[in-house]
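What follows is a set of notes on a single structure, which appears directly below.
The values are calculated or read from the model by the stated rules, or taken from the named source; none is laboratory data. This structure is a prediction, so every number in the text was calculated from the model and none was measured. Cβ atoms come from the backbone with ideal geometry, glycine included; neighbour counts cover every protein chain shown.
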Amino acid sequence: MLGRSAVAIVCGLLLAAAVLAQTTTQKTSPTGGGLAGKCPGLQAGIRAQIMPPYTETPSLLLTFVLLNDSETPLDVEAGSWRIVIDGDELKDSGWIFGNGPAPESGYKVLNPGESYAFGKALPIAEYFLPNGQYKVSWKGTAFQSPTITVTITPASH
């Protein structure tokens, strides 16, 4: 039986992925510098949700979507993925993306029209102190997500 916090995480992931897939993709060139609509390829989206402070470890749930809108299969190069907070790449991004649920064959190739949607929880006390605003994005060799702003307050943890 799932605990209340596990159910909240699963429900939050499903809702966030559905909303994110519809609203926050951005088109980029294969080098990550293109403008919307100019170059098909891997399109990335990101969303943040503060987990309720009564959970075991107050965390920020980051939900990621990666879509192949080209006409050819593309390697997502998961080993290149980095979470960026206030312009600095997290040194443990590989560990964060490498742990937890993933497709059986791993994050490797997306066929045309396919996407990956998943989430990762980052403990507030480890990544988002002191309280304030943080600019968060994620990137890989062939994509760059939009940057979102996350506000952490004392009520967040």
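Taking interchain pairs and intrachain pairs at least six residues apart, which have beta carbon atoms under 7 angstrom, with the first residue in the stretch 130-157 and of a type in the set (D, E, K, R) and the second at pLDDT below 95 and not in a strand (DSSP E or B)?
Partner pairs satisfying both residue conditions: 139/32.
State which residue is nearest to residue 66 (Cα to Cα) when the search covers only the stretch 130-157 and only residues that are among the hydrophobic types (A, V, I, L, M, F, W, C) and surrounded by 12 or more Cβ atoms within 10 Å (Cβ to Cβ).
Filtering first and then ranking leaves 143.
Can you find, within the stretch 49-100, the residue that is farthest from residue 139 (Cα to Cα) among those that are hydroxyl-bearing (Ser, Thr, Tyr) and in a loop (DSSP other than H, G, I, E, B)?
54
Which one is farthest from the chain's Cα centre (by Cα), of the residues in the stretch 125-157 that are part of a helix (DSSP H, G or I) and at pLDDT 95 or above?
If we take residues in the stretch 125-157 being part of a helix (DSSP H, G or I) and at pLDDT 95 or above, then 126 is farthest from the chain's Cα centre (by Cα).
Tally time: how many residues in the stretch 98-115 are modelled with pLDDT of 95 or more and not aliphatic (A, V, I, L, M)?
5
Among the numbered criteria (1) exposed (fewer than 15 other Cβ atoms within 10 Å of the Cβ); (2) farther than 25 Å from residue 70 by Cα; (3) within 16 Å of the chain's Cα centre (by Cα), which single criterion is violated by residue 102?
(2)
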